[in-house]
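Below you will find the structure I want to go over with you.
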Amino acid sequence: MGRQLPVRCRPPHGWAVDSAMRLLDDQVGVVDFGPYKSLFVSVIGRGSICLPGLPCQAPMTAYPSRNIRENSKNSLPKKFLKLTDLVEMLQVGYQLTTQGKFAEAVLKFHNILLSVPLLIVESKEEMCEAQQLMGICREYILGLQMEVARKELPRRTAEDQIRICELAAYFTHCNLQPMHLILTLRTAVSLFYKLKNFKTAASFARRLIDLGPKPEITTQMRKILAACEKNPTDAHKVQYDQHNPFVLCASSYQPIYRGKAVEKCPLCTANYMPEQKGRFVASARYRKLEKSALDSEYSPDSSVKLLYFKILLIMLNSLKLV
């Protein structure tokens, strides 16, 4: 038992969860910490281990440190959540999307967004990967929420059908994996063709063919494209202009065209109309649009200046010796 173990064996001063919550509020606008409860408990649980003691004695609690061999006075907590863990969760979200389980997929992507601020990132590359992960989740949450809302809309009037087509069109502008974008484009082609908006249906068909889908899908799209080109008109006016660059409001699912005022989620940078400021954001119901966007500039002064690292350090500040 002579070798030094990479743990600190004295109890913490306190877990400072309140400080972590204040930091989350200050930096990214979190106001409802209910969804974070299980993650905070997991941080505390994984930040300590129990060692068996003498018979009839309570076990000893130890607190692992990942830099014990550096003999540093500033103890750094052991990583409890890795970027690779979130990538695995992302793959599950992709699978749920492919299976059409959109509500479950949205929850999975939400969980990833919740977890990202608790990552410990130690390089510019990892910081970029974490931000890329947030961007992917943002796009899928927006698109899948729109699709769920579209399927719940009534289909009684012409206005209902137009709104359904609008949401299908907006979904095709989310940054999705090619296999999922193909599915959204097929839906848009079908809906706009049935609405007799042949000109717009043809544009979706061309986009789909350019993605190189399976031969049978390509053949089907070419037939629809040929039929649309015989009568390249739109029977109904739809609030959708593919030639005018826009972003989507993640709450109202309306386009915000270039040059218009826009509010952004302080963490995932989802877009919102100005009137949504101060409300809970749709991309993550636990945040409000009251903070500025997260500063993504990397500082070489270790990862302490990174938001993800600071949160976990505050929560585990008890890893220092009493």
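Would you mind checking which residues have amide H under 5 Å from N197's amide H? H placed 1.01 Å from N; only 5 or more apart, or other chain.
Under 5 Å from the amide H of N197: A235.
Here is a follow-up. Indicate the gyration tensor shape class of region 129-205 (rounded, prolate or oblate), computed on the Cα atoms with a ≥ b ≥ c the square roots of the eigenvalues: a/c under 1.5 is rounded; otherwise a/b larger than b/c is prolate and the rest oblate.
The shape class here is oblate.
Can I ask one more? Given H placed on each backbone N at 1.01 Å, which residues far from C268 in sequence or on other chains put an amide H within less than 5 Å of it?
Here the answer is none, since no amide H 5 or more places off falls under 5 Å of that of C268.
Moving on to the next point. Determine ³J(HN,Hα), in whole Hz, for all residues of region 211-222 in sequence, where each value follows from phi through the Karplus function 6.51 cos²θ - 1.76 cosθ + 1.60 and θ = phi - 60°; x replaces Gly and Pro.
7, x, x, 4, x, 5, 6, 4, 4, 4, 5, 5
Moving to a separate point now. Rounded to whole Hz and in sequence order, give me ³J(HN,Hα) for region 21-38 from the Karplus expression 6.51 cos²θ - 1.76 cosθ + 1.60, θ = phi - 60°, writing x for Gly and Pro.
Each residue of region 21-38 in turn: 5, 5, 5, 4, 5, 5, 8, 10, x, 6, 10, 10, 9, x, x, 8, 4, 5 Hz.
What net charge do the residues around Q161 carry, taking every other residue with its C-beta under 12 Å from that of Q161, with Lys and Arg at +1 and Asp and Glu at -1?
Around Q161, the charge tally is +3.
Quick one: putting +1 on the C-beta of Lys and Arg, -1 on the C-beta of Asp and Glu, what dipole do you get for region 94-149 around its Cα centre, in Debye to the nearest 20?
200 debye
Just to check I understand the Karplus step: with θ = phi - 60° and J = 6.51 cos²θ - 1.76 cosθ + 1.60, what whole-Hz values come out for region 109-119, glycine and proline as x?
So the Karplus estimates, Gly and Pro as x, are 5, 4, 4, 5, 4, 4, 7, 4, x, 9, 6 Hz.
Leaving ligands, DNA and RNA out of it, report the carbon-plus-sulfur percent of the accessible area of region 20-148 at a 1.4 Å probe.
Exposed carbon and sulfur together represent 55 percent of the surface.
The values are calculated or read from the model by the stated rules, or taken from the named source; none is laboratory data. Everything numeric in this text was worked out from a predicted model, so none of it was measured. All Cβ positions, even for glycine, are placed from backbone atoms using ideal geometry, and neighbour counts span all protein chains on display. The accessibility values were calculated without ligands, DNA or RNA, using every heavy atom of the protein model including side chains. Shrake-Rupley method; radii C 1.70, N 1.55, O 1.52, S 1.80 Å.
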